[in-house]
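This report refers to the structure that appears directly beneath it.
The values are calculated or read from the model by the stated rules, or taken from the named source; none is laboratory data. What you see is a predicted model; the values in this text were computed from it and never measured. Quick reminder, even Gly has a Cβ in these numbers, built from the backbone with ideal geometry, and neighbours come from all protein chains shown. Each accessible area value is taken on the protein alone, full model and side chains, heavy atoms only, with ligands, DNA and RNA left out. Shrake-Rupley method; radii C 1.70, N 1.55, O 1.52, S 1.80 Å.
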Amino acid sequence: MQALLDVILPVFLVIGAGYGAVWRGWFSTSGVDGLMAFTQNFAIPCLLFRALWTLDLGPDFDPALLLSFYTGSATGFTAGLLGARYLFGRDWEDAVAIGFCCLFANSVMIGLALTERAYGTDALKANYVIVALHSPFCYGIGITAMEIVRARGTPARHVPGKVLKAMFRNALVIGIGLGLAANLLDLRIPKPATDALDMMIQAALPAALFGMGGVLCRYKPQGDFRVIAYICVVSLVLHPTITYTLGTLTGLSRDAFRSAVLTAAMAPGINSYVFANMYGRARRVAASSVLIATALSVLTAWLWLSVLP
């Protein structure tokens, strides 16, 4: 148990430090905005670019890994969408935003940090494979569903353009796309440039975790607590359970299995709120879900770590 605490607590202590600094007024909300802008628009895209640029696209892109993780992810979105609509009576736009909360796991800020703490840097290859498709997959599903819902009665031919425009304005998607292009082109970058890139990367996760704590401090638990509880169950239990089952059935390698299940077990990421805010739907539910599920994931991550090989 002590070993698991040594893995989990440092990550959540950094989040807690950010939360406490904003709560006590030691760090301004404008400072949090600047820190999150730096991490989400620059540092983390640099991290993703570097990871995808150097990733071996042959053996690392295991179809079983992607099937295990993204089947759980898509099932979570479906459960969130239909549950919000038919169990809780939300309108379709709110239902899509709630479904996105169940879809978008915190694969980078907490998923990468926990996996690295638990299994070391060498264990992150499968994480980077998941992350490579995560933003395009999740935003593709979420934006497509929302635009279809909002475009009722308008020509369907307008939807693909709106989806692509929204996706390729996302800095994470741009970083991933540039990294894949550099990998496929076998691009060589001068050492001073890669050293500068590495300096940005070293700041990415600690700054993102601290900033995330500051963001969470703003949003008090509000909204429909039944919906929030439902999102927590789908995100923290259903998604990793499906991934664990499929990973076992498909015979995933130990490292890939660990990365897939642990990433699937993460709480909804800040992008869940970003998506809800982008469309102005279910914002309080999204923010509260990120806050409460992140707090609960201290326990659930420990439980999943304890059952992984």
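When the convex hull of the C-alpha atoms of region 186-270 is computed, what volume per residue in Å³ does it have? Don't jump to the answer; show the numbers that get you there.
Numbers: hull volume 12.5 nm³, N = 85.
That works out to 147 Å³ per residue.
Note down the relative contact order for the chain as a percent, whole number, built from C-alpha pairs under 8 angstrom at least six residues apart.
In percent, rounded to a whole number, it is 34.
To the nearest 10 Å², what's F210's accessible area with a 1.4 Å probe?
Surface open to solvent at F210 totals about 60 Å².
Take the alpha carbon atoms of region 176-246, find their center, do the same for region 116-144, and report the distance between the two centers in whole angstrom.
8
Sort R284, R169, R258, R218 from largest to smallest accessible area, using a 1.4 Å probe on the heavy atoms of the protein chains.
R169, R284, R218, R258
Once you have the Cα-Cα distance between A151 and L82, take 0.36 nm times their residue separation minus that, and quote the gain in nm to one decimal.
22.9 nm is the gain from fully extending A151 to L82.
For the pair T121 and L197, what calculated FRET efficiency results from E = 1/(1 + (r/R0)^6), where r is the Cβ-Cβ distance and R0 = 22 Å, to the nearest 0.05?
0.85
Mind checking the per residue accessible area of region 187-261 for me, 1.4 Å probe, whole number of Å²?
Per-residue accessible area for region 187-261 comes out at 47 Å².
If one computes the Cα centroid of region 268-295 and of region 76-92, what distance in Å separates the two points?
15
Evaluate the Debye formula for region 1-148 with equal point scatterers sitting on the alpha carbons, no solvent, and hand back log10 of I(q)/I(0) at q = 0.13, 0.16, 0.21 Å⁻¹, in q order, two decimals.
Scattering profile of region 1-148, log10 relative to I(0): -0.79, -1.11, -1.27.
Taking the simple approach of a point 7 Å from Cα along Cα-to-Cβ for both V307 and D186, what is their distance in nm?
Rounded to a tenth, the inter-label distance reads 4.5 nm.
Can you send over the carbon and sulfur percentage of the accessible area for the chain, probe radius 1.4 Å, protein chains only?
Taking all protein chains in place, the chain shows 65 percent carbon and sulfur surface.
With an 8 Å Cα cut-off and a minimum separation of 6 or more residues, compute the relative contact order for region 205-309 in percent.
This gives 37 percent for region 205-309.
Take the Cα gyration tensor of region 161-309, multiply each eigenvalue by 5, square-root it, and list the three semi-axes largest first, rounded to whole angstrom.
One finds semi-axes of 29, 24, 17 Å for region 161-309.
Looking at the calculated P(r) for the chain, what percent of the C-alpha pair distances fall above 31 Å?
Counting every Cα pair in the chain, those more than 31 Å apart make up 26 percent.
Can you pull the accessible area of L13 for me, 1.4 Å probe, Å² to the nearest 10?
120
When the solvent-accessible surface of protein heavy atoms is calculated with a 1.4 angstrom probe, in what order do W26, W302 fall, highest first?
W26, W302
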